[in-house]
Amino acid sequence: MKINFIDLQAQYQEYKTEIDKEVSEVFTSAGFIGGPKLDSFEKNIAAFTGVKHAIGCSSGTDALLLALMALDIKAGDEVITTPFTFIATAEVIAFLDAKPVFVDIDEKSYNIDASKIESLITANTKAIIPVSLYGQCADMDELNAIADKHGITVIEDACQSFGAEYKGKKSCALSAIGCTSFFPSKPLGAYGDGGAIFTDNDELASKMRMLLNHGQNERYKHKYIGINGRLDAVQAAILDVKLRHFDKEVKLRQEIGQRYSLLLKDAGVTTPHVKDDRTSVYAQYSVRVKDRAAMVAKLSEKSIPTAVHYPMPLHLQEAFIYLGYKEGDFPISERVSNEIMSLPMSPYLTDEQQEFIVEAIKG
Ligand SMILES: *Cc1c(COP(=O)(O)O)cnc(C)c1O
C-alpha cells in the first residue's frame, strides 16, 4: 500500500480547477506583489480567525521576526519560550540579539508549562512566545494573565495551529499578536513559503505592515529599518482557494486524528492528549514510543513514512551553546524528544491506510 506522509498531490487534484484559474488570473494581470488576491486573502483570514488585522507575510519565521521587531525587541532583552519546537521560534529572538530563555514543557500537551514561567521573569523580559505545538493551542489564558501582570507581551507561535480552537476562539486570536505559517506541509499550506501576522492593535498592525515592506510608510519614505517580508500574489491566490475548503479539511483532520487515537488505544504507544477546552488541527499526529528506532524501522519495512518533530530540543543545539544550557536542564523536553514520532497525516488518509498503519504498529 502506497502511503504519503502528507498527501499534497491528492489535495491539488481536488482543487485543481479553482487553483489553476486563480493563478492564471495573477499571471495575466502580471500583478505579482500585493494587489486584489492578497487583499482578499487577508480579509478572509481576518474574518476566519476573528482578528481585526491579518497581514500576509513571507513565512512563519518572518511573521515571528516582524512581531518581535514591532515590539522593539533588541540586544539585552529576554524572551521566554519553549525548547521543544522548531528552531525558528527561538532563532528570531537570537537573530535580534535578544536572549531566548527556555522553559520546560507540560508532559501531556507538549506545550510550554505556564506554571514554570513566572520565576524566570526579570526586568529585561519583554515577551513570551508559546508554541501551539502539533496543532493544539498552548494555555493561553494562563500565559496572558502572567504577561498582563508583568507588563509583557504574548506572541502565539501558531505556525502549526491555524484553524484550531481554544475556548471557542480561533488560534491566532488568543493574544496580542498571533503568527502563522503557510509552509506547504502546514494545515493551510501554500505552494511555496508564506505566513501571516494577526493583531487587534491598530498601531502594531500598521507598524508590522511597514516593517515587512522595508519600513516604508509611503513610497521611498522609510520610517523604520525593515525587511522584504511580503506574501506574493500567487501564494495569496492559492491560499484563498484552499481557505474555502479549510473548514472541511480541519474536520477531516480531526476525525482522522481521533480515529488514530481510538485504534491505537491498546497499542502500547502514548497518543496525543487534547484538553477538553480546545481542539487540535493535528498539524502532526505524534505518538510516544519507548524504542523509537525499532518502531521507525518496523514501519519503514512496510513502506510507511514517519518523521520526528523534533529529535533534539533547542537548548542542546550547537547554535545555542552560547546560552550555556546543558543536558538535564529541561528533562521533559529531552525525554519527549527521544520518544516522539509522527505518523502519516492528511485529510486524504483513507480508513484502509490508517488501519494498515495501526496494524503495522501493533505487529
Ligand atoms: C513551521 C514553523 C515555523 C516556521 O515557519 P516557516 O513558514 O517555515 O518559516 C515556526 N514555528 C513553528 C512551531 C513551526 O512549526
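The values are calculated or read from the model by the stated rules, or taken from the named source; none is laboratory data. Because the structure is a prediction, the values reported are computed rather than measured. In this analysis, Cβ positions are derived from the backbone assuming ideal geometry, glycine residues included, and neighbour counts consider all displayed protein chains. Each accessible area value is taken on the protein alone, full model and side chains, heavy atoms only, with ligands, DNA and RNA left out. Shrake-Rupley method; radii C 1.70, N 1.55, O 1.52, S 1.80 Å.
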**Asked** Which residues, counting only those in the range 297-349, are under 14 Å from Phe86 (Cα atoms) and part of a loop (DSSP other than H, G, I, E, B)?
**Response** Val308, His309, Tyr310, Pro311, Met312, Pro313, Gln317
**Request:** Output the number of residues of the range 212-261 satisfying the condition of being open to solvent by less than 60 Å² (accessible area, probe 1.4 Å), among the acidic types (Asp, Glu) and assigned to a helix (DSSP H, G or I).
**Result:** 2
**Message:** Regarding the range 75-84, can at least one residue be identified that is within 14 Å of the ligand (Cβ to nearest atom), of a type in the set (S, T, N, Q) and assigned to a strand (DSSP E or B)?
**Reply:** yes
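Checking the condition among the basic types (Lys, Arg) and within 26 Å of Lys326 (Cα to Cα), which residue from Lys52, Lys37, Lys126, Lys43 passes? Break it down into steps so the answer makes sense when it comes.
Values: Lys52 fails: within 26 Å of Lys326 (Cα to Cα); Lys37 fails: within 26 Å of Lys326 (Cα to Cα); Lys43 fails: within 26 Å of Lys326 (Cα to Cα).
The unique qualifying residue is Lys126.
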**Prompt:** Is it true that Lys2 is within 24 Å of Gln353 (Cα to Cα) and in contact (Cβ under 8 Å) with a residue 40 or more places away in the chain?
**Reply:** yes
**Asked** With (1) closer than 18 Å to Asp139 by Cα; (2) of a type in the set (A, V, I, L, M, F, W, C); (3) open to solvent by 10 Å² or more (accessible area, probe 1.4 Å) as the list, and Ile155 as the residue in question, which single condition is left unmet?
**Response** (3)
**Failed condition for Phe86, given (1) closer than 24 Å to His309 by Cα; (2) over 15 Å from the mean Cα position of the chain (by Cα)** = (2)
**Asked** Does the range 31-66 hold any residues that are in a helix (DSSP H, G or I), farther than 14 Å from Ala158 by Cα and away from the ligand (no atom under 16 Å from the Cβ), and which are they?
**Response** Pro36, Lys37, Leu38, Asp39, Ser40, Glu42, Lys43, Asn44, Ala46, Ala47, Phe48
**Prompt:** From the list Gln353, Gln317, which residue is within 16 Å of the ligand (Cβ to nearest atom) and open to solvent by 20 Å² or more (accessible area, probe 1.4 Å)?
**Reply:** Gln317
**Asked** Quick one: which of Pro184, Pro130 is modelled with pLDDT of 95 or more, surrounded by fewer than 24 Cβ atoms within 10 Å (Cβ to Cβ), of a type outside the set (A, V, I, L, M, F, W, C) and within 11 Å of the ligand (Cβ to nearest atom)?
**Response** Pro184
